[in-house]
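Colleague: This structure is in structure tokens; I'll ask about it shortly.
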Amino acid sequence: MSRIAERFAALKADGRAALVPFITAGDPHPNITVGLMHDMVEAGADLIELGVPFSDPMADGPVIQRASERALAHHVSLDDVIGMVKTFRQDDPDTPVILMGYLNPVEVMGYAAFARRAAQAGVDGALTVDVPPEEGHDLIQALRDEGLDAIYLAAPTSHRQRLEMIADAATGFIYYVSLKGVTGSANLVLDDVAKKLAEIRAVTDMPLGVGFGIKDAAMAADMAKIADAVVVGSALVSRVEANASKPDKIGAELKQLLQEMRQAMDDAGRESASPS
Amino acid sequence: MDKNDSFMNMPDDKGHFGPYGGIFVAETLMEALQELRGAYEKYLQDADFLAELDADLQHYVGRPSPIYHAERLSRENGGAQIYLKREDLNHTGAHKVNNTIGQALLAKRMGKTRIIAETGAGQHGVATATVAARLGLECVVYMGEVDVARQEANVYRMRLLGAEVRSVSSGSKTLKDALNEAMRDWVATVDDTFYIIGTVAGPHPYPAMVRDFQAIIGREARQQIQDMTGHLPDALVACVGGGSNAIGLFYPFLDDKEVAIYGVEAAGEGLETGRHAAPLCAGEPGVLHGNRTYLMEDRDGQIIETHSISAGLDYPGVGPEHAWLKDTGRANYVAIDDQEALAAFHRLTRTEGIIPALESSHAIAYGLKLAATMKPDQVVLVNLSGRGDKDMHTVAAIEGIEI
């Protein structure tokens with residue numbers, strides 16, 4: 001069983017939803033990323049999504065684009081990001097890490113080389129945002145050959161046939177993009193998300209994560225009632241940005257938000273689990 | 001010709017031109033692209049749609065555009081006869097409108113009420129704002145901050161036409177960033193919004209659809225040049241940024257194997273300086289903006305900034321069909337630097353009384369070089385893709401003149 005599958009199985013047995021923070025590797029400086037990863041685990045993160053900086057992050061909003069720009073100012077490469085995971089793994093053998101980014105840096109490294117180096121460093125999966133299942137065959141194969149999960153997105157506009165295709169392509173979990181728009185957008189409607197998650201559950205047993213638009217503890221708690229994982233990205237990256245000039249404060253800032261979310265999610269879990 | 005030997009049956013069912021093209025976008029856009037593809041495939045077979053498109057191209061754009069024998073230029077240059085396909089005479093001053101008319105009519109049939117577009121030099125933005133005004137559609141144009149500054153006149157034209165111009169300050173603040181921003185808008189607004197891409201790049205079906213709307217250039221030219229000279233031309237020359245005017249001219253000639261084809265990229269300050277916009281001549285295959293194609297990238301796979309005197313060629317990618325035509329050897333891709341393009345700009349202006357766009361000046365410059373190596377009874381057909389009115393400020397500034 002992969003580290004990701006193990007983690008979801010354990011959470012399910014506890015009746016808890018996974019808290020999945022996203023930060024961009026190298027933002028605002030490559031020296032602090034590994035420390036931030038440990039901080040986030042300490043604050044209750046169950047799985048870490050590490051963004052690979054890209055010059056043209058088409059599916060991301062301005063907050064995460066600026067994070068990429070800050071990292072690229074230090075020339076943080078895909079190889080560097082894999083190296084950060086390797087360092088993280090020396091002190092944390094358990095928390096799954098997935099790399100989230102765009103295809104071109106992977107294309108330049110080569111699919112097989114990427115999968116091999118990532119697996120050796122202790123990466124557990126990859127989400128290449130701009131590779132839909134239709135174009136994913138070779139990359140998925142390369143990832144699977146090295147025992148890595150290929151995480152896929154599902155969207156509000158994905159109809160049944162597409163959901164089936166996504167479920168076939170994906171392993172580990174499916175990441176449901178809970179609203180139309182780029183990362184960091186507004187207007188999340190809980191009932192709509194719940195309805196769509198039910199549609200996805202009709203085609204797969206895989207764990208479902210929800211992300212895009214989760215800003216605070218209350219929203220995280222709401223999502224934890226209906227999803228297997230709550231992904232929080234822009235809200236964290238905004239805090240990184242606000243403290244970019246005083247990087248020693250970033251860890252505490254991220255921990256505070258994650259602890260609030262973790263607490264609210266676990267409280268919500270207990271409420272819904274208790275007999276009424 | 002055997003269908004399998006034809007260069008005209010691409011892309012395949014998945015939008016691939018050999019290894020290039022395809023659909024590389026986030027899941028959030030897949031449904032919108034499928035809806036677009038359905039509409040495009042339906043209406044390109046629809047007699048009413050095609051009749052409306054033809055009528056607009058004739059009465060609104062002013063097609064067919066003429067072919068002009070640049071006799072004085074040919075004589076002075078020596079060698080082959082140079083003919084110009086006059087896309088500069090279209091309404092709005094460039095080939096871009098052929099495509100925006102087509103896509104806007106498609107938007108109308110699909111019931112979309114809002115149009116978005118990206119623009120570099122501003123020609124595609126103007127052509128989009130123009131058709132949006134005519135059809136009464138809301139229009140937002142994304143344009144890099146750098147381009148907004150160097151193409152002030154076109155920004156004002158778009159605003160006069162009722163479009164909202166949104167300046168993009170992310171990344172390199174040029175065309176590629178405008179395209180990123182337009183895609184982001186579209187992801188959030190797909191229900192009522194149609195994204196008119198201005199070139200033969202982007203995810204399928206855009207490269208095929210834009211080519212099909214621009215292929216009117218080559219269809220007309222193929223007939224006109226035979227009417228004028230009695231035979232097919234020996235060579236075609238067109239500038240290539242994203243590559244829409246070039247593919248528009250080339251496509252109907254692809255199976256005429258005796259016709260040599262040259263696409264001209266922007267060498268900027270020189271290919272050897274790295275400061276250029278010539279992915280086919282000096283780039284590597286990669287994935288950007290929804291398709292696999294040749295790109296300007298660094299060794300980490302990050303897209304690098306491009307440099308060209310002409311904003312319309314200042315793009316780090318290129319249409320996937322050009323990538324395929326390069327690899328198959330059917331077309332040749334060459335590069336012309338800023339100085340050569342400027343010289344050609346002045347030369348055409350002074351010898352023929354035609355002021356070309358700086359983009360088209362790259363094609364003129366290579367056409368002149370090529371013609372000089374050929375015989376006087378041979379014919380080089382150059383696509384004069386746009387007029388130079390928009391470039392007055394740029395050229396004047398280089399000469400130290402303030403207008």
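Colleague: May I ask you to verify whether B:Glu164 is among the acidic types (Asp, Glu), within 24 Å of B:Ala335 (Cβ to Cβ) and in contact with a strand residue (DSSP E or B) (Cβ under 7 Å, 6 or more places away or on another chain)? Steps first, please.
Modeller: Values: among the acidic types (Asp, Glu): yes; within 24 Å of B:Ala335 (Cβ to Cβ): no; in contact with a strand residue (DSSP E or B) (Cβ under 7 Å, 6 or more places away or on another chain): yes.
Against the criterion (among the acidic types (Asp, Glu), within 24 Å of B:Ala335 (Cβ to Cβ) and in contact with a strand residue (DSSP E or B) (Cβ under 7 Å, 6 or more places away or on another chain)), B:Glu164 does not qualify.
Colleague: Moving on. Determine whether the range B:22-33 contains at least one residue that is assigned to a helix (DSSP H, G or I), modelled with pLDDT of 95 or more and under 23 Å from B:Ala215 (Cβ atoms).
Modeller: Looking through the range B:22-33, at least one residue is assigned to a helix (DSSP H, G or I), modelled with pLDDT of 95 or more and under 23 Å from B:Ala215 (Cβ atoms).
Colleague: Still on this structure, I have one more. State yes or no: is B:Val264 within 14 Å of chain A (Cβ to nearest Cβ), within 20 Å of B:Thr199 (Cα to Cα), in contact with a strand residue (DSSP E or B) (Cβ under 9 Å, 6 or more places away or on another chain) and not in a helix (DSSP H, G or I)? Please lay out each step first, then the result.
Modeller: Details: within 14 Å of chain A (Cβ to nearest Cβ): no; within 20 Å of B:Thr199 (Cα to Cα): yes; in contact with a strand residue (DSSP E or B) (Cβ under 9 Å, 6 or more places away or on another chain): yes; not in a helix (DSSP H, G or I): yes.
So B:Val264 fails the test.
Colleague: Restricting to the range A:159-182, name every residue that is in contact with a Ser or Thr (Cβ under 7 Å, 6 or more places away or on another chain), facing chain B (nearest Cβ under 8 Å) and either closer than 15 Å to B:Gln34 by Cβ or modelled with pLDDT of 95 or more (or both).
Modeller: Answer for the range A:159-182, where residues must be in contact with a Ser or Thr (Cβ under 7 Å, 6 or more places away or on another chain), facing chain B (nearest Cβ under 8 Å) and either closer than 15 Å to B:Gln34 by Cβ or modelled with pLDDT of 95 or more (or both): just A:Ile166.
Colleague: Taking the range A:74-113 only, how many residues are within 12 Å of chain B (Cβ to nearest Cβ), under 18 Å from the mean Cα position of the chain (by Cα) and part of a loop (DSSP other than H, G, I, E, B)?
Modeller: So the answer is 1.
Colleague: Among the numbered conditions (1) touching a Gly at 6+ places or on another chain (Cβ under 8 Å); (2) surrounded by fewer than 21 Cβ atoms within 10 Å (Cβ to Cβ); (3) modelled with pLDDT under 95, tell me where B:Thr189 comes up short.
Modeller: Only one criterion is unmet by B:Thr189, namely (1).
Colleague: Quickly run through the range B:158-198 and pick out the residues that are in a loop (DSSP other than H, G, I, E, B), at the interface with chain A (Cβ under 9 Å from one of its Cβ atoms), farther than 20 Å from B:Ile303 by Cβ and touching a residue at least 60 places away in the same chain (Cβ under 8 Å).
Modeller: Here is the first cut: in the range B:158-198, the ones in a loop (DSSP other than H, G, I, E, B) are B:161-163, B:169-174, B:190-192, B:197-198.
Next, from what is left, pick out any that are at the interface with chain A (Cβ under 9 Å from one of its Cβ atoms): B:170-172, B:190-191.
Now drop any that are not farther than 20 Å from B:Ile303 by Cβ, which leaves B:190-191.
Hit for the range B:158-198 is B:Val190, nothing else.
Colleague: Scanning the range A:1-50 for residues that are part of a helix (DSSP H, G or I) and β-branched (Val, Ile, Thr), which turns out surrounded by the fewest Cβ atoms within 10 Å (Cβ to Cβ)?
Modeller: Going through the range A:1-50, the residues part of a helix (DSSP H, G or I) turn out to be A:3-14, A:30-42.
When the remaining residues are screened for being β-branched (Val, Ile, Thr), the result is A:4, A:32-34, A:41.
Details: A:Ile4: 24, A:Ile32: 18, A:Thr33: 23, A:Val34: 20, A:Val41: 20.
Only one residue tops the list, namely A:Ile32.
Colleague: How many residues does the range B:199-254 hold that are in contact (Cβ under 8 Å) with a residue 40 or more places away in the chain and at positive phi?
Modeller: Count: 2.
Colleague: Let me ask something else. Considering each of A:Pro156, A:Pro132 in turn, give the residue that is within 10 Å of chain B (Cβ to nearest Cβ) and without any contact (Cβ under 8 Å) to a residue 24 or more places away in the chain. Steps first, answer last, please.
Modeller: Working: A:Pro156 fails: without any contact (Cβ under 8 Å) to a residue 24 or more places away in the chain.
Step by step, each of A:Pro156, A:Pro132 is checked, and only A:Pro132 is within 10 Å of chain B (Cβ to nearest Cβ) and without any contact (Cβ under 8 Å) to a residue 24 or more places away in the chain.
Colleague: Could I ask something else about it? What pairs come up if the first residue lies in the range B:258-285 and is buried (at least 16 other Cβ atoms within 10 Å of the Cβ), the second is part of a strand (DSSP E or B) and of a type in the set (S, T, N, Q), and their beta carbons are under 6 Å apart, counting only those six or more places apart or on different chains?
Modeller: B:Tyr262/B:Asn332
Colleague: Sticking with this one: Considering only the range B:267-301, how many residues are more than 24 Å from B:Asp12 (Cβ to Cβ), within 14 Å of chain A (Cβ to nearest Cβ) and of a type outside the set (A, V, I, L, M)? Can you show your working first?
Modeller: Going through the range B:267-301, the residues more than 24 Å from B:Asp12 (Cβ to Cβ) turn out to be B:267-278, B:281-282, B:296-301.
Subset that is within 14 Å of chain A (Cβ to nearest Cβ): B:296-301.
Imposing the further condition that a residue be of a type outside the set (A, V, I, L, M) reduces the set to B:297-301.
Number of matching residues: 5.
Colleague: Inside the range B:345-369, can you point out the residues that are crowded, with 24+ Cβ neighbours inside 10 Å and of a type in the set (A, V, I, L, M, F, W, C)?
Modeller: We begin by selecting, within the range B:345-369, every residue crowded, with 24+ Cβ neighbours inside 10 Å; these are B:345, B:348, B:356-368.
Correct list: B:Phe345, B:Leu348, B:Ala357, B:Leu358, B:Ala363, B:Ile364, B:Ala365, B:Leu368.
Colleague: Quick one: in the range A:51-73, which of the residues that are more than 10 Å from chain B (Cβ to nearest Cβ) and under 27 Å from B:Thr189 (Cβ atoms) is surrounded by the fewest Cβ atoms within 10 Å (Cβ to Cβ)? I'd like the intermediate steps shown before the answer.
Modeller: Step one: list which residues in the range A:51-73 are more than 10 Å from chain B (Cβ to nearest Cβ), which gives A:51, A:63-64, A:67, A:70-71, A:73.
In the following step, the residues that additionally are under 27 Å from B:Thr189 (Cβ atoms) were identified as A:51, A:63-64, A:67.
On the way: A:Gly51: 27, A:Val63: 19, A:Ile64: 26, A:Ala67: 29.
Per the criteria, the residue is A:Val63.
Colleague: So, one more: Got a sec? Which of A:Lys195, A:Lys225, A:Lys215 is surrounded by fewer than 23 Cβ atoms within 10 Å (Cβ to Cβ) and touching a strand residue (DSSP E or B) at 6+ places or on another chain (Cβ under 9 Å)? Steps first, answer last, please.
Modeller: Details: A:Lys195 fails: touching a strand residue (DSSP E or B) at 6+ places or on another chain (Cβ under 9 Å); A:Lys225 fails: touching a strand residue (DSSP E or B) at 6+ places or on another chain (Cβ under 9 Å).
Residue meeting the stated conditions: A:Lys215.
Colleague: How do the helices (runs of 4 or more DSSP H) wholly within the range B:59-140 filter down when requiring 3 or more residues that are more than 30 Å from B:Asp234 (Cα to Cα): which remain?
Modeller: Working: elements: B:71-77, B:96-109, B:123-135.
Result: B:96-109, B:123-135.
Colleague: Residues B:Phe49, B:Phe7: which one is in contact with a Ser or Thr (Cβ under 8 Å, 6 or more places away or on another chain) and either more than 14 Å from chain A (Cβ to nearest Cβ) or among the polar types (S, T, N, Q) (or both)? Can you show your working first?
Modeller: On the way: B:Phe49 fails: in contact with a Ser or Thr (Cβ under 8 Å, 6 or more places away or on another chain).
Step by step, each of B:Phe49, B:Phe7 is checked, and only B:Phe7 is in contact with a Ser or Thr (Cβ under 8 Å, 6 or more places away or on another chain) and either more than 14 Å from chain A (Cβ to nearest Cβ) or among the polar types (S, T, N, Q) (or both).
Colleague: Looking only at the range B:302-314, how many residues end up being out of contact with any Asp or Glu (no Cβ under 7 Å at 6 or more places or on another chain) and within 12 Å of chain A (Cβ to nearest Cβ)? Walk me through how you get there before you give the answer.
Modeller: Of the residues in the range B:302-314, the ones out of contact with any Asp or Glu (no Cβ under 7 Å at 6 or more places or on another chain) are B:302, B:305, B:314.
Next, only the ones that are within 12 Å of chain A (Cβ to nearest Cβ) stay: B:302, B:305.
Residues meeting the conditions: 2.
Colleague: Could you pull out every one of the helices (runs of 4 or more DSSP H) wholly within the range B:297-403 that has 1 or more residues that are at pLDDT below 95 and of a type in the set (Lys, Arg)?
Modeller: Numbers: elements: B:320-328, B:338-352, B:358-372, B:392-398.
The helices (runs of 4 or more DSSP H) meeting that bar number zero.
Colleague: Please give the number of the condition A:Gln65 fails out of (1) within 28 Å of A:Gly213 (Cα to Cα); (2) in contact (Cβ under 8 Å) with a residue 12 or more places away in the chain; (3) of a type in the set (S, T, N, Q).
Modeller: Failed condition: (2).
Colleague: Scanning the range B:370-403 for residues that are of a type in the set (D, E, K, R) and out of contact with any Pro (no Cβ under 8 Å at 6 or more places or on another chain), which turns out surrounded by the most Cβ atoms within 10 Å (Cβ to Cβ)? Can you show your working first?
Modeller: First, pick out the residues of the range B:370-403 that are of a type in the set (D, E, K, R): B:375, B:377, B:387, B:389-391, B:399, B:402.
Then drop every residue that is not out of contact with any Pro (no Cβ under 8 Å at 6 or more places or on another chain), which leaves B:375, B:377, B:389-391, B:399, B:402.
Details: B:Lys375: 10, B:Asp377: 9, B:Asp389: 12, B:Lys390: 24, B:Asp391: 28, B:Glu399: 8, B:Glu402: 6.
Step by step, filter the range B:370-403, then rank; the result is B:Asp391.
Colleague: Yes or no: the range B:41-63 includes at least one residue that is closer than 30 Å to B:Gly388 by Cα, among the aromatic types (Phe, Trp, Tyr) and crowded, with 21+ Cβ neighbours inside 10 Å.
Modeller: Checked against the condition, which is being closer than 30 Å to B:Gly388 by Cα, among the aromatic types (Phe, Trp, Tyr) and crowded, with 21+ Cβ neighbours inside 10 Å, the range B:41-63 yields no hits at all.
The values are calculated or read from the model by the stated rules, or taken from the named source; none is laboratory data. For clarity, every value in this text was computed on a predicted model and none was experimentally measured. FYI the Cβ positions are ideal-geometry reconstructions off the backbone, even for glycines, and counts take in every protein chain you see.
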